[in-house]
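**Q** My questions all concern the structure below.
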Amino acid sequence: MTYSKPKPKPAGIRAFIGLSIPTAAQEILENTQFDLMELVPENSVRWVNPNNMHLTLFFLGDGILPEKIAKLCDTLDDIAATCRPFALELGRIGCFPKQNAPRVLWVGIDGQTRSLNYLKRQTDDRVTPLGWEPEKRRYTPHLTLGYVQDTPAVGRSRLPYNSPIGTFSWTVNQLHLYHSQRTKKGIKYTKIHTAKLSQVTNDE
């Protein structure tokens, strides 16, 4: 008697919902990284590739199968239809969880943050019925500069927290579903689906 090997189950993908930022903003953030590198010990922070910088709205996790991806794409279209374009600005330097023991360095977001929070609420409300739970922590929109590898050393460094990094604004008019992949060259983010924000008036 011969036995056939069971077919392997599809592994699914790692994904998240987020907003892209323009190249000019990436360049400003990269210059900010260079400035901070001068203030912390060498190799104490793993700096994010500026080309990968984005604003996360909802982290979906691993193992997402094609049928879920299709539903997510439709959901993104529904979310985008409820929101109009809005302007954001680069904000101030900050960290998680606290300045004397930082684990993540970031730049905050200013501008029409009420519209951003509305988009975040819409995303949470419409993705949750698909089987995901939104984070319980308060949403703090930010762009990650780097992940701290030596918390005590960076905690002792005199970093310019709460300092603005310059004036730059852009218009958010698209919402993206991203595929996150680990490659030999590092993390790679690929846009799976893009939904254009509507021109309707939302209830900010």
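**Q** If I ask for residues that are in contact (Cβ under 8 Å) with a residue 12 or more places away in the chain, over 15 Å from Pro97 (Cα atoms) and not acidic (Asp, Glu), which ones from segment 120-142 would you list?
**A** Lys120, Gln122, Thr123, Arg126, Val127, Leu130, Gly131, Trp132, Pro134
**Q** Filter segment 162-197 down to the residues that are modelled with pLDDT under 90 and not in a strand (DSSP E or B), then identify the one that is nearest to Pro50 (Cα to Cα).
**A** Lys185
**Q** On to the next question. Hey, does segment 73-95 have a residue that's in contact with a Pro (Cβ under 9 Å, 6 or more places away or on another chain), among the charged types (D, E, K, R) and either closer than 26 Å to Ile28 by Cβ or surrounded by 15 or more Cβ atoms within 10 Å (Cβ to Cβ) (or both)?
**A** yes
**Q** To continue, here is another question. Only one of Ile21, Ile79, Ile64 is of a type in the set (Val, Ile, Thr), in contact (Cβ under 8 Å) with a residue 12 or more places away in the chain and over 21 Å from Leu197 (Cα atoms); which?
**A** After ruling out the rest, the residue left standing is Ile64.
**Q** Ok, one more. Only one residue in Ser163, Ser180 is over 23 Å from Glu67 (Cα atoms) and not β-branched (Val, Ile, Thr), so which one is that?
**A** From the options Ser163, Ser180, the qualifying one is Ser163.
**Q** Going through segment 36-51 one residue at a time, which ones are in a helix (DSSP H, G or I) and without any contact (Cβ under 8 Å) to a residue 12 or more places away in the chain?
**A** Met37
**Q** Give the residue that is modelled with the lowest pLDDT, with candidates limited to residues of segment 1-27 that are over 23 Å from Lys71 (Cα atoms) and among the β-branched types (Val, Ile, Thr).
**A** Thr2
**Q** Suppose we filter Leu65, Leu55, Leu105 for residues that are within 14 Å of the chain's Cα centre (by Cα), hydrophobic (A, V, I, L, M, F, W, C) and closer than 30 Å to Ala11 by Cα; which single one remains?
**A** Values: Leu65 fails: within 14 Å of the chain's Cα centre (by Cα); Leu105 fails: closer than 30 Å to Ala11 by Cα.
Checking each option against the conditions leaves just Leu55.
**Q** For segment 138-161, which residues satisfy the criterion of being in a loop (DSSP other than H, G, I, E, B), surrounded by 15 or more Cβ atoms within 10 Å (Cβ to Cβ) and within 21 Å of the chain's Cα centre (by Cα)?
**A** Across segment 138-161, the qualifying residues are Tyr139, Pro141.
**Q** Could you list, in sequence order, the residues of segment 21-30 that are closer than 26 Å to Ala101 by Cβ and surrounded by fewer than 18 Cβ atoms within 10 Å (Cβ to Cβ)? Walk me through how you get there before you give the answer.
**A** First, the residues of segment 21-30 that are closer than 26 Å to Ala101 by Cβ: 29-30.
Glu30 - this is the single residue of segment 21-30 that is closer than 26 Å to Ala101 by Cβ and surrounded by fewer than 18 Cβ atoms within 10 Å (Cβ to Cβ).
**Q** Can you say whether Ser198 is farther than 27 Å from Gln33 by Cα and surrounded by 15 or more Cβ atoms within 10 Å (Cβ to Cβ), as far as the supplied structure shows?
**A** yes
The values are calculated or read from the model by the stated rules, or taken from the named source; none is laboratory data. If you're wondering where the values come from, they're calculated on a predicted model, not measured in any experiment. Cβ atoms come from the backbone with ideal geometry, glycine included; neighbour counts cover every protein chain shown.
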